[in-house]
Amino acid sequence: MNDKIERLREFVATISRLVEQTGPGTGNEAALLAGATGPLRELVAHDDWLPDAMARPHPVYYQQHLLYGDPLDRFSLVSFVWGPGQQTPVHDHTVWGLIGVLRGAELDQHYRAEAGKLVADGGEVLLSAGQVAAVSPTLGDVHRVRNAHDDQVSVSIHLYGGNIGRIRRHVYDAASGETKLFISGYSNALVPNLWAQAAT
Ligand code: FE
């Protein structure tokens with residue numbers, strides 16, 4: 001029994017209140033990012049609540065497990081599980097997102113378009129357990145993420161301003177800058193039971 005699942009339940013309640021008060025639209029992106037950063041930092045400060053099924057790596061593919069999807073598609077929360085050396089393609093999101101590292105560490109490389117080509121925007125940024133970073137159409141929406149470790153699993157918790165698994169977005173060929181339509185879906189068929197009671 002996972003008796004710390006209330007951390008996740010409380011986070012979901014906090015973000016539900018935030019989108020209710022702030023409004024879900026992209027025009028409220030700055031307020032949503034500002035309001036959600038502290039709670040996500042608090043969530044990833046403790047590595048004792050994520051169900052094991054949502055932290056299991058796949059031998060070949062990084063995993064994206066839906067932890068909670070807002071019924072009105074205003075936000076979604078996903079655990080990304082990075083096996084040793086695994087990485088995303090270069091991709092965009094089209095909505096705001098926050099990345100909080102729960103376990104291990106990852107490397108985040110941003111890109112920007114320049115004369116029809118993709119160029120690296122700054123160097124790779126190391127995100128360690130407990131750290132939170134943002135992506136968005138305003139802040140810079142195109143990046144590649146990879147496990148910083150070649151010999152251990154890393155796990156990060158991502159909050160997005162929409163139902164990220166269903167959004168039509170893009171992957172990029174880093175060399176040519178060509179884009180392809182991308183709908184990521186989710187790896188899991190079942191979501192965590194946020195209402196489970198701790199054994200007494
Ligand atoms: Fe991303």
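The values are calculated or read from the model by the stated rules, or taken from the named source; none is laboratory data. Since this is a predicted model, take the numbers as computed values, not measurements. Here the Cβ is made from the backbone with ideal geometry for all residues, glycine too, and neighbour counts use every protein chain on show.
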Cβ pairs under 7 Å, 6+ apart, first in the range 117-130 and in contact (Cβ under 8 Å) with a residue 60 or more places away in the chain, second basic (Lys, Arg) and in a strand (DSSP E or B)
Ala129/Arg103
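Hey, does the range 158-165 have a residue that's assigned to a strand (DSSP E or B), exposed (fewer than 12 other Cβ atoms within 10 Å of the Cβ) and either in contact with a Phe, Trp or Tyr (Cβ under 7 Å, 6 or more places away or on another chain) or modelled with pLDDT of 95 or more (or both)?
no
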Hey, any hits in the range 113-120 for a residue that's of a type outside the set (Phe, Trp, Tyr), surrounded by fewer than 18 Cβ atoms within 10 Å (Cβ to Cβ), at pLDDT below 95 and within 15 Å of the ligand (Cβ to nearest atom)?
no
Of all residues making up the range 20-43, the number that are out of contact with any helix residue (DSSP H, G or I) (no Cβ under 7 Å at 6 or more places or on another chain) and outside any loop (DSSP other than H, G, I, E, B)
13
I'd like to verify a number: residues in the range 90-112 that are assigned to a strand (DSSP E or B), more than 14 Å from the ligand (Cβ to nearest atom) and modelled with pLDDT of 95 or more, how many?
3
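Could you pull out the residue among Ala174, Ala189, Ala196 that is more than 20 Å from the chain's Cα centre (by Cα), in a loop (DSSP other than H, G, I, E, B) and within 20 Å of Tyr68 (Cβ to Cβ)? Break it down into steps so the answer makes sense when it comes.
Details: Ala174 fails: within 20 Å of Tyr68 (Cβ to Cβ); Ala189 fails: more than 20 Å from the chain's Cα centre (by Cα).
None of the other options fit; the residue is Ala196.
Here is a yes/no grid of residues against (1) surrounded by fewer than 18 Cβ atoms within 10 Å (Cβ to Cβ); (2) within 14 Å of the ligand (Cβ to nearest atom); (3) polar (S, T, N, Q); (4) touching a residue at least 24 places away in the same chain (Cβ under 8 Å):
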| residue | (1), (2), (3), (4) |
| --- | --- |
| Asp52 | yes, no, no, no |
| Tyr62 | no, yes, no, yes |
| Arg74 | no, no, no, yes |
| Ser79 | no, yes, yes, yes |
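Being free of Cβ contacts under 8 Å to residues at least 40 places away in the same chain and more than 24 Å from Gln86 (Cβ to Cβ) narrows it down to one of Arg41, Arg17, Arg9, Arg56, so name that one. Break it down stepwise before answering.
On the way: Arg41 fails: free of Cβ contacts under 8 Å to residues at least 40 places away in the same chain; Arg9 fails: free of Cβ contacts under 8 Å to residues at least 40 places away in the same chain; Arg56 fails: more than 24 Å from Gln86 (Cβ to Cβ).
The match here is Arg17.
For the condition in a loop (DSSP other than H, G, I, E, B), modelled with pLDDT of 95 or more and over 21 Å from Val145 (Cβ atoms), what is the one hit in His46, His58? Even if it seems obvious, please write down each step before you answer.
Details: His58 fails: over 21 Å from Val145 (Cβ atoms).
Exactly one residue qualifies, and that residue is His46.
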Identify, please: which residue in the range 121-132 is within 15 Å of the chain's Cα centre (by Cα) and assigned to a strand (DSSP E or B) and is, among those, farthest from the ligand (Cβ to nearest atom)?
Ser128
Any hit, the range 79-89, residues being farther than 29 Å from Glu178 by Cβ and part of a strand (DSSP E or B):
yes
Report yes if some residue within the range 19-33 is surrounded by fewer than 19 Cβ atoms within 10 Å (Cβ to Cβ) and of a type in the set (A, V, I, L, M, F, W, C); otherwise report no.
yes
If I filter the range 133-149 for residues that are farther than 21 Å from Ala36 by Cα and not in a strand (DSSP E or B), do I get at least one hit?
yes
